[in-house]
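As structure tokens, the structure follows; a few thoughts come after it.
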Amino acid sequence: GQQLNQSPQSMFIQEGEDVSMNCTSSSIFNTWLWYKQEPGEGPVLLIALYKAGELTSNGRLTAQFGITRKDSFLNISASIPSDVGIYFCAGDYSGGGADGLTFGKGTHLIIQP
Amino acid sequence: GAVVSQHPSWVICKSGTSVKIECRSLDFQATTMFWYRQFPKQSLMLMATSNEGSKATYEQGVEKDKFLINHASLTLSTLTVTSAHPEDSSFYICSAKFDYGGQFFGPGTRLTVL
């Protein structure tokens, strides 16, 4: 199946730094989602975006749905050790969840104390 | 958010045997559930869409006779891996959609075929 272009593939940062990652697609999506996955567990929903241009925050996390509907970014401010994990973007064509999600390849976040 | 459970969390089986994995939505009804597969260090890949009361829709390249899906109720979908082989070893994750877009995922099932 298709995949989104997610970057960077991995990030090594110091605790307290801000983090930014993004996803791009050649196709338009009606919904963009950001998930975090820890080893041996299923993805946990962080932020869901439903409108082009929408900017949504969840605590220290902020994500935006690109105007063209072909991209999205996720920012994490003031990173802490528990932010470690793999972050996936996902796009939904239908907007109502009738189709499965298309996932990016993930961004592996590693925080150095 | 909504809670989705999976059982078992891990299973080891011999080559040639069949394995059933259950996916339940615990606090809401899900007319549509999805099954994904994730190989080590890779992303999730959609296998099939499970629709309550009707046949599942499989993604291209996924053998429907090998991966049997049953969605008999609004809270339960099952995935049966028939005649499992070592190359079927993977992390299988289900999800349930919610009305306004997006999906909640289960904790996953680690399948190891010897």
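Only the coordinates and a few stated rules stand behind these numbers; no lab work does. Keep in mind it's a predicted model, so treat the numbers as computed, not measured. Positions of Cβ are backbone-derived with ideal geometry, glycine not excepted, and every protein chain shown enters the neighbour counts.
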Got the relative contact order for chain A handy, in percent, Cα pairs under 8 Å and 6 or more residues apart?
38
So, in nm, how far is label B:Thr80 from label A:Glu38 when the simple model puts each one 7 Å beyond its Cα toward the Cβ?
3.5
Cross-link reach from B:Lys14 to aspartates and glutamates, straight Cα distance under 18 Å and at least 8 residues apart if same chain, gives B:Glu87, B:Asp88
GNM on chain A, Cα springs under 10 Å; top mean-square fluctuation among A:Gly40, A:Gly53, A:Gly16 goes to A:Gly40
Please rank B:Tyr92, A:Tyr50, fewest neighbouring Cβ atoms within 10 Å first, as an exposure proxy.
A:Tyr50, B:Tyr92
Count, for each residue of B:39-48, the Cβ atoms from other chains sitting within 10 Å of its Cβ, then give me the mean as a whole number.
5
For the protein assembly as shown, give me every cysteine whose Cβ has no other Cys Cβ within less than 4.7 Å, ordered by residue number.
B:Cys13
Based only on other Cβ atoms within 10 Å, what is the fewest-to-most ordering of A:Glu54, B:Glu63?
B:Glu63, A:Glu54
Considering only C-alpha atoms, what is the centroid distance from the range B:59-114 to the range A:42-113, in Å?
23
For chain A, the Debye formula with one identical point scatterer on each Cα and no solvent gives log10 I(q)/I(0) at q = 0.16, 0.18, 0.19 Å⁻¹ as -0.67, -0.84, -0.93
Given +1 on the Cβ of Lys and Arg, -1 on the Cβ of Asp and Glu, and no further charges, what dipole in debye does the range A:29-101 carry about its Cα centre, rounded to the nearest 20?
220
Testing the spin-label approximation: label points 7 Å from Cα along Cα→Cβ at A:Ile80 and B:Ser15. State their distance in nm.
4.8
Kirkwood Rh and Cα Rg combined as Rg over Rh, evaluated for chain B
0.95
Over chain B, what is the mean sequence separation of C-alpha contacts under 8 Å (at least six apart), divided by residue count, expressed as relative contact order in percent?
37
Burial-style ranking of B:49-56, B:103-110, B:23-30, average other-beta-carbon count within 10 Å with highest first, yields B:103-110, B:23-30, B:49-56
Please list, by residue number, every one of the trypsin sites (Lys or Arg not before Pro) in the range A:23-113 that is coil in DSSP and has at most 15 other beta-carbon atoms within 10 Å.
A:Lys51, A:Arg60
Please state the charge dipole magnitude for the protein assembly as shown, taken about the Cα centre, from unit charges on C-beta atoms (+1 on K and R, -1 on D and E), reported in debye and rounded to the nearest 20.
360
